[in-house]
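Heads up, the thing below is written out as structure tokens.
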Amino acid sequence: LIVAGQQGTDIAPTEALLAMSQELATGGLLQPLLAQANVVLVPRANPDGFEARSATTADGTLLTQDHLLLQTPEARALAKLVRDYRPTVVVNAEEFAAIHPTLEQFDALRADDAGLQYGLSPNVHEFVAKAEREWLHRPITDSLTQAGQRVDWAYTASANDKLLSMGNPAPTSLHNMAALKNLPSLMVQSRGADLQRLHIQRRVHTQVTALTAALNDT
């Protein structure tokens, strides 16, 4: 299961999944993978957010953090997908802000093409964490590096002080919740939630490279 577009500002992940769906079709470069795995793609999990060009859903909820309470119909739909299909691997494709607030706090811009973070909440089984590191994080990092992409851990800058934070262990995100269900999971963030379509080809290439590596290793 690969999910994109939880935020209405995540342009590149949605475009990447549409491109991959073409390659998974008959005659596509990825079509042979379907002999070994079933692939479920959700290119745009937050259609209202995309229409409003907003990171949140129509009621102002941040979908990326609604996978425990399931307050939104979008989160409930994704939970139903996980329940019904029981995927072997869950990948969440997002984008991070390249400019703000890093510019204000550090007088710098984000240069990394991709930020990765696997599901690791308290009570995640140690074998699941090992699978995420060795079967997802490592091959995706290698593929991106070989493609000339800069890879780092997923992190965010604080808007109020000079602090960087690397994710959240709370079981509210899709990858953390999936890991608690013993499903190896990973978040792939490409650079540019605040860039609109600037550098869009490189950003889509980042996502396609990472997600293809995840499919191959699955």
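Classify the range 1-119: rounded, prolate or oblate, from the alpha-carbon gyration tensor (a ≥ b ≥ c, eigenvalue square roots; a/c under 1.5 rounded; otherwise prolate if a/b is larger than b/c)?
oblate
Just want to confirm a number: the relative contact order over the chain, from Cα pairs under 8 angstrom separated by 6+ residues, in percent.
Values: 435 pairs, mean separation 61.2, N = 218.
Relative CO of the chain lands at 28 percent.
³J(HN,Hα) across the range 128-139 via Karplus (A = 6.51, B = -1.76, C = 1.60, θ = phi - 60°), whole Hz, x for Gly/Pro?
With coefficients 6.51, -1.76 and 1.60, one gets 5, 4, 5, 5, 5, 5, 8, 9, 10, 4, 5, x Hz.
Which option, (i) 57, 45, 42; (ii) 67, 34, 29; (iii) 49, 38, 37, is the value of Cα extents along the principal axes in Å that was calculated from these coordinates?
Identified label for the calculated read-out: (iii).
Give the separation of the Cα centroids, the range 41-83 to the range 195-218, in Å.
A separation of 21 Å, based on Cα centres.
Pop a pseudo-label 7 angstrom from the Cα along the beta-carbon direction at both Arg150 and Lys181 and give the gap in nm to one decimal.
The two pseudo-label positions are separated by 3.5 nm.
In terms of the Cα gyration tensor, with a ≥ b ≥ c the square roots of its eigenvalues, is the range 48-109 rounded because a/c is under 1.5, prolate because a/b exceeds b/c, or oblate?
Prolate, since a/c reaches 1.5 and a/b exceeds b/c.
Roughly how many percent of the accessible protein surface of the range 148-218 is carbon and sulfur, given a 1.4 Å probe and a whole-percent answer? Show your work: numbers first, answer last.
Working: 1850 of 3510 Å².
Exposed carbon and sulfur together represent 53 percent of the surface.
Please compute, over every Cα-Cα pair in the range 1-51, the percentage with a separation greater than 15 angstrom. Mind showing how you got there, number by number?
Working: 592 of 1275 pairs.
Of all Cα-Cα pairs in the range 1-51, 46 percent lie more than 15 Å apart.
Per residue, how much accessible surface does the range 70-218 expose to a 1.4 Å probe? Answer in Å², no decimals.
That works out to 50 Å² for each residue.
Under 5 Å between amide H atoms, partner at least 5 residues away or on a different chain: which partners does Val188 have, H built in plane at 1.01 Å?
Amide H to amide H, under 5 Å and 5 or more residues apart or across chains, Val188 pairs with Asn92, Ala93, Glu94.
Please compute the net charge surrounding Leu136, taking Lys and Arg as +1 and Asp and Glu as -1 over other residues with Cβ under 14 Å from its Cβ.
Net charge in that neighbourhood comes out at -1.
The values are calculated or read from the model by the stated rules, or taken from the named source; none is laboratory data. Nothing here was measured: the structure is a model prediction, and the numbers come from that model. Methodologically, a virtual Cβ is constructed for each residue, glycine included, from the backbone with ideal geometry; neighbour enumeration extends over all protein chains shown. Surface accessibility is based on the protein's heavy atoms, side chains included, excluding ligands, DNA and RNA. Shrake-Rupley method; radii C 1.70, N 1.55, O 1.52, S 1.80 Å.
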